[in-house]
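Take a look at the structure set out below.
The values are calculated or read from the model by the stated rules, or taken from the named source; none is laboratory data. Bear in mind the structure is a predicted one, so any value in this text is a computation, not a measurement. Please note: Cβ atoms are built from the backbone with ideal geometry, for glycine as well, and neighbour counts cover all protein chains shown.
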Amino acid sequence: MSGHDALERRLGVVGAGKIGTAVARAAVAGGYHVAISGSGAAERIELIVDVLAPGAHAVTTDEVIRYADLIVLAVPMHRFRELPRDLFADKIVADAMNYWEEIDGVDQELTTAPMGTSMIVQERFASSRVVKSLNHLGYFKFEDGRRPPGAPDRLAMATAGDDPAAVAAVIQLLDRLGFDAVDAGPLAAGFVLQPGGPVFGISHSYDGLSKLLLSEASRA
C-alpha cells in the first residue's frame with residue numbers, strides 16, 4: 001500500500017455512541033485504520049471501543065483530528081457547538097448527526113433551519129468541508145444492511161455536499177462500509193435526509209433512492 005493509499009484508508013470518528021462505534025466497526029471491516037474519540041479522556045471509552053469496534057483506536061478528539069483528513073462527526077447534536085470552530089480546519093466532515101428535540105432540547109436555530117441542520121454545522125466549522133451522510137438509516141438498519149459491492153440486496157445511502165472532492169471521499173467511504181452511495185446534490189439538499197424527511201428511516205436500493213431524491217429535487 002502506497003503512502004497516499006494509507007492516508008486514504010485513515011478515518012476519524014468523533015463520537016463513541018451507537019452510530020459512531022457502528023461506523024468505526026464497519027470501517028475497520030472495510031479496511032480503514034480508525035481513530036475514535038468520545039467525551040473526555042480516551043481511557044473512558046477504551047473498553048467500549050474494544051468491545052464494539054475492535055481494531056479501532058480510542059484516542060482524544062485532538063488526536064483524531066491529527067490522524068485523519070476524513071472525519072465522521074457523530075456526537076449528540078446539542079453538543080456540536082461545544083467543539084472549537086477551527087477544530088476541523090481543512091478536514092472533510094461527514095455529518096452523521098440528527099436533531100431530536102426530546103434528546104437535544106428545544107433549539108430554535110436547528111428547528112427552523114430552512115436548508116437543514118448541516119448548513120448550521122458548516123457555518124460553525126466554516127474552515128471544513130461538510131457532507132451530510134450516514135444519518136438517514138437507523139442504527140439497526142445500518143448494522144444489518146451492509147453488503148459487498150454488487151449484492152442484489154445492497155442498500156443505498158445518500159450524500160449531500162458542496163465540495164465535489166469531499167463528496168467523492170464520503171462516497172468512497174460509504175462503498176467501503178457496505179452501501180451504494182447516491183449523490184443527493186448540494187449541502188442544502190441534506191434537508192430531505194433529516195428526521196421527518198422523505199428519505200429518513202426507510203431502506204432503499206440505489207435505483208429507489210435515486211428516483212426519490214430526483215423527485216424531491218424537482219419539487220424544490
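Things worth noting here:
- For the range 21-47, filtering for residues that are outside any loop (DSSP other than H, G, I, E, B), hydroxyl-bearing (Ser, Thr, Tyr) and in contact (Cβ under 8 Å) with a residue 40 or more places away in the chain leaves 0.
- Hey, SER118 of a type in the set (Gly, Ala, Ser), over 19 Å from ALA27 (Cβ atoms) and in contact (Cβ under 8 Å) with a residue 40 or more places away in the chain or not: yes
- Tally of residues being on the phi < 0 side of the Ramachandran plot and over 15 Å from the mean Cα position of the chain (by Cα) across the range 164-188: 4
- Listed here are the helices (runs of 4 or more DSSP H) enclosed by the range 127-220 that have at least 3 residues being in contact (Cβ under 8 Å) with a residue 40 or more places away in the chain, closer than 21 Å to THR21 by Cα and among the aliphatic types (A, V, I, L, M): 164-177.
- Residue under evaluation VAL51, criteria (1) farther than 25 Å from ALA168 by Cα; (2) within 18 Å of the chain's Cα centre (by Cα); (3) without any contact (Cβ under 8 Å) to a residue 40 or more places away in the chain, criterion not met: (2)
- Condition met for ARG176 (of a type in the set (Lys, Arg) and crowded, with 16+ Cβ neighbours inside 10 Å): yes
- Qualifying residue in the range 95-109 (condition: in contact with a Lys or Arg (Cβ under 8 Å, 6 or more places away or on another chain), modelled with pLDDT of 95 or more and within 23 Å of ILE171 (Cβ to Cβ)): yes
- Of the set (1) at pLDDT below 95; (2) within 15 Å of ARG176 (Cβ to Cβ), all apply to TYR32 but (1).
- When the test is whether a residue is surrounded by fewer than 21 Cβ atoms within 10 Å (Cβ to Cβ), over 17 Å from VAL130 (Cα atoms), out of contact with any Gly (no Cβ under 7 Å at 6 or more places or on another chain) and at pLDDT below 95, HIS57 does not pass it.
- All positions within the range 87-108 that are assigned to a loop (DSSP other than H, G, I, E, B) and of a type in the set (Asp, Glu): ASP90, ASP107
- Considering each residue of the range 64-86 in turn, at least one proves to be under 28 Å from GLU109 (Cα atoms), touching a strand residue (DSSP E or B) at 6+ places or on another chain (Cβ under 9 Å), aromatic (Phe, Trp, Tyr) and part of a helix (DSSP H, G or I).
Here's the yes/no breakdown for (1) farther than 22 Å from VAL28 by Cβ; (2) modelled with pLDDT of 95 or more:
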position	(1), (2)
PRO164	yes, yes
VAL170	no, yes
ARG176	no, yes
VAL182	yes, yes
LEU187	yes, yes
LEU193	yes, yes
GLY196	yes, no
GLY201	yes, no
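- Number of the exception - GLU143 against (1) among the acidic types (Asp, Glu); (2) at pLDDT 95 or above; (3) surrounded by fewer than 16 Cβ atoms within 10 Å (Cβ to Cβ): (2)
- Any chance LYS132 is at pLDDT 95 or above and of a type in the set (Lys, Arg): yes
- Meets criteria (β-branched (Val, Ile, Thr) and modelled with pLDDT of 95 or more) for VAL121: yes
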